[in-house]
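The values are calculated or read from the model by the stated rules, or taken from the named source; none is laboratory data. Everything numeric in this text was worked out from a predicted model, so none of it was measured. Note: ideal-geometry Cβ built from the backbone for every residue, glycine included; neighbour counts use all protein chains shown. Accessible surface is based on the protein model in full, side chains and every heavy atom, while ligands, DNA and RNA are left aside. Shrake-Rupley method; radii C 1.70, N 1.55, O 1.52, S 1.80 Å.
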Amino acid sequence: MKKIRLLIIDDSALIRALLTEIFNSSPNIEVVGTAADPYIAREKIKQLAPDVLTLDIEMPRMDGLTFLRNLMRLRPMPVVMISTLTEQGAEVTLEALNLGAVDFVAKPKLDLTHTLKEYTEEMIGKVIMAAGARIQDNAPNCMPVKPELIDQNRKSTRQKTLIALGASTGGTEAIKRIAGLLPANTPPIVVSQHLPAAFSASFARHVDEISAMTVKLAQTGLKIESGHIYIAPGDRHLKITRDHKAYFCQLDDSEPVNRHKPSVDVMFHSVAQQVGDQAIGVMLTGMGVDGAAGMKAMHEAGAFNIVQDEASSVVWGMPGEAYKIGAADVVLPLDQVADQIMALIQ
């Protein structure tokens with residue numbers, strides 16, 4: 001396997017040294033250079049032709065967002081942001097994802113003694129993933145794509161009362177694309193997106209700003225109502241409960257599932273049990289396998305499942321796995337998902 005050529009951009013010499021040590025410990029990555037600011041980085045990109053960048057946000061002479069905006073306009077390439085896991089860091093990082101960054105990781109702390117192994121695995125995994133990711137622009141697909149129908153004889157006749165949506169890498173922008181196309185009277189949508197807890201409120205606000213629906217962070221006991229989107233907070237699993245004809249949110253503080261909390265699998269399994277064939281399942285771009293087994297359970301309960309196609313996904317991990325195990329009813333490019341939802345609920 002050819003090594004991934006990585007350029008590290010950070011104004012801290014200590015952070016550059018720590019990241020270099022972490023990434024060079026992988027047999028699949030070679031740190032070809034480091035840069036203390038975007039102007040140095042610009043020259044090193046020309047000289048070294050890296051495959052992936054890690055990019056800090058707060059730097060002298062030019063901030064990371066300005067550099068990223070220019071990079072994606074002139075030379076789009078995979079970028080993993082180095083982010084502080086705070087409310088302020090969330091706003092900037094979500095903007096970076098909007099500009100085209102593939103993913104983000106927490107800024108390393110210099111006292112990583114007890115968590116260095118786990119942190120190293122996450123950092124290396126995300127850079128390897130980024131090297132194979134599709135760099136998306138923000139324009140909708142112009143060419144119509146014929147949907148891949150998995151089983152044209154499997155028709156859904158029950159009224160759809162709830163939409164369950166799962167995503168990970170690339171999902172923040174994919175969710176916004178869909179939410180921005182759905183009308184205010186759409187049946188309720190529950191969302192599990194892999195994000196840190198500090199990012200949850202900011203992400204909910206970002207979705208609410210572009211959606212005709214009302215967006216809320218899920219809370220235990222919150223009644224699920226039409227015209228609303230309920231987003232799982234970043235440190236809890238979201239389950240659906242039912243009382244007669246009404247659905248409610250229930251947050252679960254149990255262990256991570258598939259290394260994630262919230263886990264898409266946990267949410268999808270609860271939808272399969274409580275909503276059954278009145279549900280629509282949607283699996284969007286994401287790394288890993290989380291949600292595939294739960295989507296299969298929804299399929300077996302009679303739900304209609306939509307999987308984002310490979311060409312429009314940043315990473316076809318979670319949707320690809322759902323497709324492979326037979327959990328999908330239809331595979332669609334991102335810009336046709338909202339139309340399919342509307343066709344099902346009408």
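Once the Cα atoms are used to define both axes, helix 64-74 deviates from the longest principal axis of the chain by about 80 degrees.
Which shape class applies to segment 178-310: rounded if a/c is under 1.5, otherwise prolate when a/b exceeds b/c and oblate if not, where a ≥ b ≥ c are the square roots of the Cα gyration tensor eigenvalues?
rounded
Among the trypsin sites (Lys or Arg not before Pro) found in segment 159-215, not one is both in a DSSP coil and sparsely packed, with 13 or fewer other Cβ atoms within 10 Å of its Cβ. Pairs of Cα atoms nearer than 8 Å and 6+ residues apart set the relative contact order; for the chain it is 14 percent.
Please identify the trypsin sites (Lys or Arg not before Pro) of segment 28-128 that satisfy two criteria: DSSP loop assignment and at most 15 other Cβ atoms within 10 Å. Which are they?
Numbers: sites: 42, 44, 46, 61, 69, 73, 109, 117, 126; in loops: 61, 109.
The qualifying sites are 61, 109.
Express the accessible area of segment 1-77 per residue in Å², computed with a 1.4 Å probe while the remaining protein chains stay in the model.
Working: 3800 Å² over 77 residues.
About 49 Å² of surface per residue is accessible.
Remark: relative contact order (segment 1-86) = 31 percent; criterion is Cα-Cα distance under 8 angstrom and separation of 6 or more residues.
Select from segment 1-109 those GluC sites (Glu not before Pro) which occupy a DSSP coil region and have at most 16 other Cβ atoms within 10 Å, ordered by residue number. All intermediate terms of the calculation are to be shown ahead of the outcome.
Values: sites: 21, 30, 43, 58, 87, 91, 95; in loops: 58.
Those satisfying the criteria are 58.
For Cα extents along the principal axes in Å, computed directly from the structure shown, the correct entry in [x] 60, 43, 36; [y] 79, 47, 41; [z] 56, 47, 40 is [x].
Quick check: from the Cα gyration tensor, does segment 238-284 come out rounded (a/c under 1.5), prolate or oblate? The partial results should precede the final answer.
Numbers: a/c = 2.84, a/b = 1.44, b/c = 1.98.
Verdict is oblate for segment 238-284.
What shape does segment 3-66 have by the C-alpha gyration tensor, where a ≥ b ≥ c are the square roots of the eigenvalues, rounded means a/c under 1.5, and otherwise prolate means a/b greater than b/c and oblate the rest?
On the way: a/c = 2.30, a/b = 1.41, b/c = 1.62.
Note, shape of segment 3-66 comes out oblate.
Relative to the dominant Cα principal axis of the chain, helix 13-24 is inclined by about 70°.
Using a cut-off of 29 Å between Cα atoms, the listed pairs 160/296; 107/223; 107/239; 107/324; 46/107; 3/296 include 107/223; 107/239; 107/324; 3/296 as exceeding that distance. Summarise the accessible area of segment 172-234 (1.4 Å probe, protein heavy atoms) by the percent that is carbon and sulfur. Summing carbon and sulfur atoms, their accessible area is 52 percent of the total for segment 172-234. Measuring between their Cα centroids, segment 154-215 and segment 10-79 lie 32 Å from each other. In terms of the mean number of neighbouring beta-carbon atoms within 10 Å, the peptides 161-169, 206-214, 307-315 order highest first as 161-169, 307-315, 206-214. The residue list 88, 161, 249 was ranked by how far each Cα lies along the charge dipole of the chain toward its positive end, using unit charges on Cβ atoms, and 161 comes out on top.
Charge dipole of the chain (Cα centre as origin; +1 on each Lys and Arg Cβ, -1 on each Asp and Glu Cβ, all else neutral): 500 debye, rounded to the nearest 20.
Ignoring any ligand, DNA or RNA, what whole percent of the accessible area of segment 252-346 comes from carbon and sulfur when the probe is 1.4 angstrom? Kindly include the intermediate steps, with their values, before the conclusion.
Values: 1510 of 3150 Å².
Roughly 48 percent of what the probe reaches on segment 252-346 is carbon or sulfur.
For segment 281-346, the solvent-accessible area of protein heavy atoms averages 29 Å² per residue (probe radius 1.4 Å; ligands and nucleic acids excluded).
Each label point was placed 7 Å from the Cα along the Cα-to-Cβ direction; for residue 43 and residue 121 their separation is 4.0 nm.
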